[in-house]
1. Looking at Ala73, Ala111, Ala117, which one is more than 22 Å from Arg9 (Cβ to Cβ) and touching a helix residue (DSSP H, G or I) at 6+ places or on another chain (Cβ under 7 Å)?
2. Cβ-Cβ under 6 Å, sequence separation 6+ or interchain: first residue in region 112-140 and over 14 Å from Ala29 (Cβ atoms) and free of Cβ contacts under 8 Å to residues at least 24 places away in the same chain, partner surrounded by 15 or more Cβ atoms within 10 Å (Cβ to Cβ) and small (Gly, Ala, Ser). Which pairs?
3. Show me the strands (runs of 3 or more DSSP E) found entirely inside region 20-85 where at least 1 residues are under 14 Å from Asp101 (Cα atoms) and small (Gly, Ala, Ser).
4. Got at least one residue in region 56-73 being within 21 Å of Cys137 (Cα to Cα) and at pLDDT 95 or above?
5. Give the residue, chosen from Glu64, Glu42, Glu55, that is surrounded by fewer than 17 Cβ atoms within 10 Å (Cβ to Cβ) and of a type in the set (D, E, K, R).
6. Does Cys97 meet the test of being in contact with a Pro (Cβ under 6 Å, 6 or more places away or on another chain) and within 20 Å of Ile133 (Cα to Cα)?
7. Could you list, in sequence order, the residues of region 110-140 that are surrounded by 14 or more Cβ atoms within 10 Å (Cβ to Cβ), within 13 Å of the chain's Cα centre (by Cα), of a type outside the set (D, E, K, R) and in a loop (DSSP other than H, G, I, E, B)?
8. Being among the small types (Gly, Ala, Ser), at pLDDT below 95 and within 21 Å of Ala134 (Cα to Cα) narrows it down to one residue among Ala29, Ala84, Ala16, Ala76; which is it?
Amino acid sequence: MQYEPHKTRELVLVVACALIDTDGRVLIAQRPEGKTMQGLWEFPGGKWEPGETLESALLRELKEELDIETDAACLAPLTFASHAYEEFDLLMPLYVCRKWDGTPRAREHQAIRWVRASELRNFDMPPADRPLIAHLCDLL
């Protein structure tokens, strides 16, 4: 099979986190109204900015979105997702975090919810988030 060059597409790098509480539940957040994929449930996180490490980007996003703080040492990489959306290609590493300071609250999302990994498939999630569920089910 011969390689055929494709039209250049933007690669968007986002970082996501599966916060896991002491009961083994995972936190998911509902995307806000007015944003793409509004109302869908996702793992907290957001876009990586040039000059940041993936971990520092995730620490920033957790503070902005959930008003919690943690250390990079508390972030363990689990897996990643890659998805070709119509407008861009997305690459999303997923980290696991079991220790943080503060109580998560929805600052940018419509709502947050703690759920069992086995229940994640019951929530309407963006296409890039769905493949991550199996990895969390295996972990938990």
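The values are calculated or read from the model by the stated rules, or taken from the named source; none is laboratory data. Computed from a predicted structure; not experimentally measured. Cβ sites come from the backbone with ideal geometry, for glycine too, and all protein chains shown count toward neighbours.
1. Ala117
2. Between residues of region 112-140 that are over 14 Å from Ala29 (Cβ atoms) and free of Cβ contacts under 8 Å to residues at least 24 places away in the same chain and residues that are surrounded by 15 or more Cβ atoms within 10 Å (Cβ to Cβ) and small (Gly, Ala, Ser), the close pairs are Cys137/Ala117.
3. Per the criteria, no element qualifies.
4. Pass one, region 56-73, residues within 21 Å of Cys137 (Cα to Cα): none.
There is no residue in region 56-73 that is within 21 Å of Cys137 (Cα to Cα) and at pLDDT 95 or above.
5. Values: Glu42 fails: surrounded by fewer than 17 Cβ atoms within 10 Å (Cβ to Cβ); Glu55 fails: surrounded by fewer than 17 Cβ atoms within 10 Å (Cβ to Cβ).
Result: Glu64 is the single residue among Glu64, Glu42, Glu55 that is surrounded by fewer than 17 Cβ atoms within 10 Å (Cβ to Cβ) and of a type in the set (D, E, K, R).
6. So Cys97 does not fit the description; no.
7. Scanning region 110-140 gives Met125, Pro126, Ala128, Pro131.
8. Only one candidate passes the filter, namely Ala84.
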